[in-house]
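Here the structure comes first, spelled out in structure tokens, and everything after it is commentary.
The values are calculated or read from the model by the stated rules, or taken from the named source; none is laboratory data. On a predicted model such as this, the values are computed, not experimentally measured, just so you know. A quick note on method: Cβ atoms are made from the backbone with ideal geometry, for glycine too, and the neighbour counts reach across all protein chains shown.
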Amino acid sequence: MIDLNKQLNKDLELQKIIKAIGNQKFYIVGGYIRDALRGKISNDIDVIFEDTDARQAAEKLSDELNGHFVVLDEENGIYRVVLDNKITCVDIVNPVENDIKKDIQRRDFTINAICYDVQNKEILDLTGGIEDLKKNIIRPIDEKNFFDDPLRVLRAFRFLSSTGGEFSTELPQMLKKYVPMLANCATERVNCELTKLFEGKNAHTALAKLDEIGLLETFFPVIKDIKKIPPNSHHHLPLFEHSLETVRQAENVIETLNEKALEHILQTDIGQSSRKAYLKLACFLHDIGKPSTWTIEPDTNRHRFIKHDEAGAEMVHDVLKPLKYSNKQITYVKDLIRNHIYPAALAGSDDALPKANLRFFRKLNDNVIDVIILAQADRLSARGADITEKMIEDNINSLNALLQLYIETKDEIKPLPKLLSGNEIMELFHIPQLPKLGEVIKALHEEQLNGNIKDKEEAIDFVKKLF
């Protein structure tokens, strides 16, 4: 196990926090310490003040470090300070019943209850968390803690995803017992845990375990129809297992990315979690359009799913909005699902000319890397009787080449000019804002992508033909 004091000294942001707090008595507990003992530096720091009011401590720390003060839960006295780097978050509370030992006993899992006394530079491990961390076991502290906060049921699976560990013997039955109480948890909190689950390296395992206790279909009812699709000549796995395998393969692909592609995937411009989390969510859902488009050719017994990419994209809003995903996140997942076949088709084409590549790059814009990763994961997850290893190898090599080409040329790609706005079209052709207007704008954009329209005059002529 790593020397904790040495590890904490490496975190310059933490040292700034400790210096700003000064001589006050406080502890660092939970995920930050768990990660530090594994040699990782986390951006999320949970701090407990024993003798100082949590709100006052948070406001003072925010002032000292020019941070942003946020009230997370006034009733329970939970406050956050976001440092000026916009990445590091410090969550500040007072201990349960103003007793640090009682507070530790009220936490969820032993690996999440290891506490560090900053003033004395000592570890406080009352639940055997360090030993469980060594063995990589997720063990509950006390069953009543699930009753106090049923969200801890879902958090168990998030830890399964992030640590790659195993549940203790008693945990699965305990989780099943408290599953019904999850309905009482705020959807926003469920969303946070699910998204963190997808971000973990072992998301596919956690999703499978969620399904075993009957919880996955609660969050994603669409899975019920997904499970009806059997293997076929292109897919060696039933569709549900294929979806899980695509999540697993996406993680494998991500681990092989070069520095620039990896930096892109780890950005947090889609939400609080990285693109990686939302990309793997898209991987999990990429074939949700197949049940509604499934046909079997009577002569060949071939399974067909014509335009399942379009059908799936249209379903995304209804799948993710009830889980409180934002419009930006929904648009991202929808974009990836709608285009997940595109890069493989382009890479496998004999006439993959620069014009076709440029069209793809412009159409997907910031999501080029993401959709190529999804396409690779999908390809690696489908090994039916009609698919040879050479076909897979050739396709993956072509997709890698396409990815590299994009990385090398993306800074030189000029965005398409906006030739006509919706208001201009309405004024020019004296039409009201009809549903058709959106279709016209989309058609105009497609023609620009194809290189058929280059200036405003050509745009006007094109639109004129549509009315």
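In table form, for the structure just shown:
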read-out	value
Criterion: in the same structural domain as K10 (by TED's automatic domain parsing) and farther than 23 Å from D148 by Cα - qualifying residue of V81, V47, V71	V81
Any hit, segment 359-378, residues being more than 22 Å from D335 (Cα to Cα) and among the hydrophobic types (A, V, I, L, M, F, W, C)	no
F147 vs. criteria out of contact with any strand residue (DSSP E or B) (no Cβ under 9 Å at 6 or more places or on another chain), aromatic (F, W, Y) and under 28 Å from V179 (Cα atoms)	yes
Subset tally (residues that are without any contact (Cβ under 8 Å) to a residue 40 or more places away in the chain, surrounded by 12 or more Cβ atoms within 10 Å (Cβ to Cβ) and in a strand (DSSP E or B)) for segment 72-94	6
Residue that is farthest from T388 (Cα to Cα) [pool: residues in segment 214-248 that are among the small types (G, A, S) and surrounded by fewer than 21 Cβ atoms within 10 Å (Cβ to Cβ)]	G214
Meets criteria (part of a helix (DSSP H, G or I), assigned by TED's automatic domain parsing to the domain that holds G128 and on the phi > 0 side of the Ramachandran plot) for E97	yes
Residue match in segment 181-188 (condition: more than 23 Å from D44 (Cα to Cα), in the same structural domain as H308 (by TED's automatic domain parsing) and without any contact (Cβ under 8 Å) to a residue 60 or more places away in the chain)	no
The lone exception for R383 - which of (1) charged (D, E, K, R); (2) surrounded by fewer than 20 Cβ atoms within 10 Å (Cβ to Cβ); (3) in a helix (DSSP H, G or I) it fails	(3)
Some residue of segment 109-117 being surrounded by fewer than 16 Cβ atoms within 10 Å (Cβ to Cβ) and either of a type in the set (S, T, N, Q) or in a loop (DSSP other than H, G, I, E, B) (or both)	no
Output for segment 189-214, where each listed residue is among the hydrophobic types (A, V, I, L, M, F, W, C) and either closer than 26 Å to S326 by Cβ or assigned by TED's automatic domain parsing to the domain that holds K227 (or both)	V190, C192, L194, L197, F198, A203, A206, L207, L210
Filter result for I396 (in contact with a Lys or Arg (Cβ under 7 Å, 6 or more places away or on another chain), of a type outside the set (F, W, Y) and assigned by TED's automatic domain parsing to the domain that holds Q267)	yes
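Here is a yes/no grid of residues against (1) β-branched (V, I, T); (2) farther than 27 Å from L182 by Cβ; (3) in contact with a strand residue (DSSP E or B) (Cβ under 9 Å, 6 or more places away or on another chain):
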{"site": "K209", "(1), (2), (3)": "no, no, yes"}
{"site": "K227", "(1), (2), (3)": "no, no, no"}
{"site": "N232", "(1), (2), (3)": "no, yes, yes"}
{"site": "E241", "(1), (2), (3)": "no, no, no"}
{"site": "E251", "(1), (2), (3)": "no, no, no"}
{"site": "A261", "(1), (2), (3)": "no, yes, no"}
{"site": "L266", "(1), (2), (3)": "no, yes, no"}
{"site": "F284", "(1), (2), (3)": "no, no, no"}
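To keep it simple, each residue is scored yes or no on (1) in a helix (DSSP H, G or I); (2) in contact with a Cys (Cβ under 9 Å, 6 or more places away or on another chain); (3) within 30 Å of L244 (Cα to Cα).
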residue: L374; (1), (2), (3): yes, yes, yes
residue: I387; (1), (2), (3): no, no, yes
residue: D394; (1), (2), (3): yes, no, yes
residue: Y406; (1), (2), (3): yes, no, yes
residue: L416; (1), (2), (3): no, no, no
residue: L420; (1), (2), (3): no, no, no
residue: E446; (1), (2), (3): yes, no, no
residue: E458; (1), (2), (3): yes, no, no
